[in-house]
Structure formats: structure tokens, C-alpha cells
1. Need the failing condition index for residue 211 against (1) on the phi > 0 side of the Ramachandran plot; (2) crowded, with 16+ Cβ neighbours inside 10 Å, just the number.
2. Can you tell me which residue within the stretch 162-211, out of those that are among the hydroxyl-bearing types (Ser, Thr, Tyr) and touching a residue at least 60 places away in the same chain (Cβ under 8 Å), is farthest from residue 297 (Cα to Cα)?
3. Could you list all residues from the stretch 131-166 that are assigned to a helix (DSSP H, G or I) and within 30 Å of residue 225 (Cβ to Cβ)?
4. Please go through the stretch 167-197 and give me each residue that is farther than 25 Å from residue 271 by Cβ and in a helix (DSSP H, G or I), ordered by number.
5. Quick check on this structure: which one of 152, 134 is closer than 16 Å to residue 65 by Cβ and either modelled with pLDDT under 95 or assigned by TED's automatic domain parsing to the domain that holds residue 60 (or both)?
6. Can you find, within the stretch 51-67, the residue that is surrounded by the most Cβ atoms within 10 Å (Cβ to Cβ) among those that are assigned to a strand (DSSP E or B) and in contact with an Asp or Glu (Cβ under 8 Å, 6 or more places away or on another chain)?
7. Do you know which residues across the stretch 73-89 are of a type outside the set (Val, Ile, Thr) and not in a loop (DSSP other than H, G, I, E, B)?
8. Given the options 70, 92, 44, name the one that is modelled with pLDDT under 95, of a type outside the set (Phe, Trp, Tyr) and outside any strand (DSSP E or B).
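The values are calculated or read from the model by the stated rules, or taken from the named source; none is laboratory data. Note that the coordinates shown come from a computational prediction; the quantities given were computed from them, not determined experimentally. When we count neighbours, we look across all protein chains shown, and the Cβ atoms used for this are built from the backbone with ideal geometry, even at glycine.
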Amino acid sequence: MAGSGAGASDEEVVLEIEHCIRIFKSGRVERYFGSDPVPPSTDAVTGVASKDHTISPEVAVRLYLPPVAATDGKKLPILVYFHGGGFVLHTAFNFVFHGYLTSLAARARAIVVSVDYRIAPEHPLPAAYDDSWEALSWVASHAPGGGAGGEEPWLAEHGDFSRLSLGGESAGANIAHHLAMRAGAEEGLLPHGARISGGIVLVHPYFLGHGKVPSEDSDPVMAENVVKMWRVVRPGTSGVDDPWINPLAAGAPPMEALACGRVLMCLAETDVCRDRGRAYCEGLRASGWAGEVEVLEVAGQGHCFHLGNFACDDAVRQDEVISRFLNL
């Protein structure tokens, strides 16, 4: 009888998001979306080329390069991009991110390096942070001063390391923040003196915190799910004030150490995470950090709306703001 009870307990669902994922107490995972890769290609409409590179057994990236013939020999800004999915969903190589980043690379005239990191619960945090740092370090190894110029010619020959930015949406925005904090913790941590000289782009970031904020009332079920999700991806977490999910928590590293001079925060009016993003901006401004924060809020849209239709007017407007940010 005891064995039967244990088995039933193991099959308890600890997280379920309809049409996306179901995670059981046993660790078994059923994913219904986002895991199937599409191959790299050259896009017939935009001319953006893509290719994959394996950095290590754990980490791979997909690179996107706009047509260089149209750049008059000028080097291109570089965006190291981290996909979202609550740390439990997606591969960087699925059709959603492939289509979106092809479009963004074309609009921004930027090299995009999309990072495929390990996801939970099979690989709990900090695996995603460690993998993303490994990818960023690999990109930085192509900065001037690297001897042979690095192994990837798209970066070494066409990348402008004076405009190196990090970005992502949802969990990917969380990653971008923490990598910028890590880069700021110690001068020269990245290879060849590379710096996050362009800034960070935080799109609908996945942050939590103590107490309810008004935006979480817009979708109480999702607000509850993002808390459940955090406990799955970070076993043993102290909760919603864990510094990994709440940059404003009492024990979080001081935000004034953020290793960039500019932040673009993209918010959506009906996103449950909206007010956490607003609080991040307020906390950053109050921290003593010397940079500039730009905020774009899109009315009438929800969390990661742009991934559902990146050609809609609101998504295009958001990408135009991101593109200007990357090209400054």
C-alpha cells in the first residue's frame, strides 16, 4: 500500500500550463510546444542567413547575419539573445524564435546570436545562467585583440564589438539582467576586454517579488503559474524574493554594478509581469547606477505578444524601438 501511495504521489502534477507543458512530481515532463527545431537557412524575403555553432556539449547558438552587401562595409551591432519560456520551455532553434530573430536581424541590421541553453526541470538553475555565460564568453572571444580573430568569421569580420548588447524576452530577459550583473562584478571578466557596450534589452522580463502588484490581477491563473514555475526551476529556492528572480530583493547584488550604460525595458499593458518590470526600472534609477533607462509600453497587449505575430503593427513598433537602441 505504501508503494502504491508513493507512486500516486510521484504522478502529482506540480505545474501545468495548458497547451504548453505538464511537469510531474516524479520529474517526468510532457512538453507540447516549442521543442522541435527547424534548420538554419537563408531567408528568401529578407536575405538574412543563419547557421548553427556548437560551443560545448551543453551549449549551442544560432547566428543570424543580414546581407552584408547592403552595409557599405560597415560592421554590424551584435545582439546576444536569450529565448524565454520560463526556463522550462523552448529551444532557440524552434520555428517561433527562428522566424522572429530572422525578422529582427533584418530590421535592426544586426548580427543576432541566439543561445540554446539547458532548461529545467531536467537541468535546474543555475544551468541556464551558466550556459548563457559560456555563450557570451564565446562571442566575446571574437572581439579585437583575440589573436587569430576567433573561429566564427561572421562575428570576427562583421561584428562591431563597440555595440555589443544582450537581450531576451521573459526568462531570457531575466538571464540578460543577470549576465550584465555578472559582467559588472569583476572588470575584465569577459575575454579580450569585451564589454556590454550597447546595453541590455529586457522584453516582458520574468521577475517576481513579495506581495501582489496590480498587473498580476490581469490573469490570476498565470500569476499563480509563474510562481509555481519558479519553484520547479529553482529547487530549494527561498521563494519569490530569491535574488535570481527578484533583482530588488534585500539580498540581491546592488544594481548599480550593472555592466552597461543603457537599458531598454519593453512592457505590455496586460502582461502579469508588467509591474515587476516597472519596479525594476525604478529600482535601477534609484540604485546609483549611472546609465539611462528607456521604457516602451505597448497598450492592449499581453506577455510576449510579438512572438504570436511579429508582423503586427505593435510588434513592428516594438522592434523598431529595439532596432534604434541596438544601432546607437
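1. (2)
2. 197
3. 131, 132, 133, 134, 135, 136
4. Matches in the stretch 167-197: 182, 183, 184, 185, 191, 192, 193.
5. 152
6. 62
7. Pass one, the stretch 73-89, residues of a type outside the set (Val, Ile, Thr): 73-77, 79, 81-87, 89.
Correct list: 76, 77, 79, 81, 82.
8. Result of the check over 70, 92, 44: 70.
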